[in-house]
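Okay, structure first, notes after.
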Amino acid sequence: MSMPRTVLALALAIALLPQLSAAEKPKPEKADKGDKNAAVKDGYFLQKGDTVLCLGDSNTENTKWMYLLFYGDLAKQYPELVGTPAPPYTHDAFKGGITMVNAGVSGDTAPGGLSRLPALLTQWKPTVCVVCFGMNDRKDAGTRANFAANLHGIVQKLKEAKVEVTLLSPTSTYPINDDLKSYIAILGEMNKTIQQVAAEEQVGYADAYTPSAKWISDGKPDYTYGDGIHVGDAGQRIMVDALAQCWHFGQAMAKEGTARPKQEFPAKSDKPADKSPEKGANAKNVPEKKATDKK
């Protein structure tokens, strides 16, 4: 009787082997189809030692969003990027574990930023650049027509210098009057252009326009300093939060010596943004009246 039982037990074990092997084999993780960037969300984008050049207009030069980002959010979440004690604040740059450079010029536009960029690259040798134009470009049809080409020109110069790029869309004008109300839709179209350029160039895209437009549609109070253009505390928070989302704020920093985590970038579209040569860096843009954008 012992022999048949042994044979039976052996046969049963052999029959169960495929099932055990299948159970022990780890199942492949399914990609999140709702998030095209799920595979690259592997850490916070900024790294210790970065020099972040912030290129823009008066909403970069004369506001506190860089101060808010550097001394507020980063100091709490990533103190090693700020340093102890925190470095003193200066208008042009503040230096700690990273350096943030204020390269905003009141009244500037994308072509102006493009022309200023070579000297800034030589002076600061940045590793990351936040580009935020559109608020002044909105005012003239000719400048708007050249907007995509000038953004492409900026991105390409930064890529040639091996600089990581984040395109930050400006907030909407706040509709304190009919004139500024008319620009909400125009800036919405320009935001689409910024997104499209980011997709084509495969660089970071931080969307401050969409939450600001929702803020307006929700009937919330003016987020500017009262002129409908220059962002106050609430508007600056919208900008900083847009960068936080693009850079995966809150995730762990990558270990030193490892590859830089990637930022959010939009999927490519079948319709390219206009970057014809006649609308590039050599285009003749109508000069802006800078006084209208100064506080």
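A few remarks follow.
- Leading residue by the ranking (surrounded by the most Cβ atoms within 10 Å (Cβ to Cβ)) among those in segment 97-147 that are of a type in the set (S, T, N, Q), over 19 Å from the mean Cα position of the chain (by Cα) and under 19 Å from SER172 (Cα atoms): ASN136
- Remark: pairs (first residue in segment 106-128, assigned to a loop (DSSP other than H, G, I, E, B); second residue open to solvent by 10 Å² or more (accessible area, probe 1.4 Å) and modelled with pLDDT under 95; Cβ separation under 7 Å; 6+ apart in sequence or on different chains) = SER106/GLU61; SER106/ASN62; SER106/LYS290; SER106/LYS294; GLY107/GLU288; GLY107/LYS290; GLY107/LYS294; THR109/GLU288.
- So THR173, is it β-branched (Val, Ile, Thr), over 26 Å from LEU46 (Cβ atoms) and buried (at least 22 other Cβ atoms within 10 Å of the Cβ): yes
- The test for being of a type in the set (A, V, I, L, M, F, W, C) and farther than 21 Å from ALA208 by Cα does not hold for ALA110.
- For LEU151, the conditions (1) touching a Ser or Thr at 6+ places or on another chain (Cβ under 8 Å); (2) open to solvent by 10 Å² or more (accessible area, probe 1.4 Å); (3) part of a helix (DSSP H, G or I) all hold with the exception of (2).
- Total residues in segment 181-200, condition touching a helix residue (DSSP H, G or I) at 6+ places or on another chain (Cβ under 8 Å), hydrophobic (A, V, I, L, M, F, W, C) and open to solvent by 10 Å² or more (accessible area, probe 1.4 Å): 3
- Test: residue in segment 81-99 that is closer than 19 Å to VAL203 by Cα and of a type outside the set (Lys, Arg): no
- Candidates in segment 46-96 are the residues that are in a loop (DSSP other than H, G, I, E, B) and of a type in the set (Val, Ile, Thr); of these, the one that is most open to solvent (accessible area, probe 1.4 Å) is THR84.
- Of all residues assigned to segment 201-221, at least one qualifies as being in a helix (DSSP H, G or I), open to solvent by 50 Å² or more (accessible area, probe 1.4 Å), modelled with pLDDT of 95 or more and more than 30 Å from LYS76 (Cα to Cα).
The values are calculated or read from the model by the stated rules, or taken from the named source; none is laboratory data. This one's a predicted model, so the numbers in the text were calculated from it and none came from an experiment. When we count neighbours, we look across all protein chains shown, and the Cβ atoms used for this are built from the backbone with ideal geometry, even at glycine. Side chains included, ligands, DNA and RNA excluded: accessible areas come from the protein's heavy atoms. Shrake-Rupley method; radii C 1.70, N 1.55, O 1.52, S 1.80 Å.
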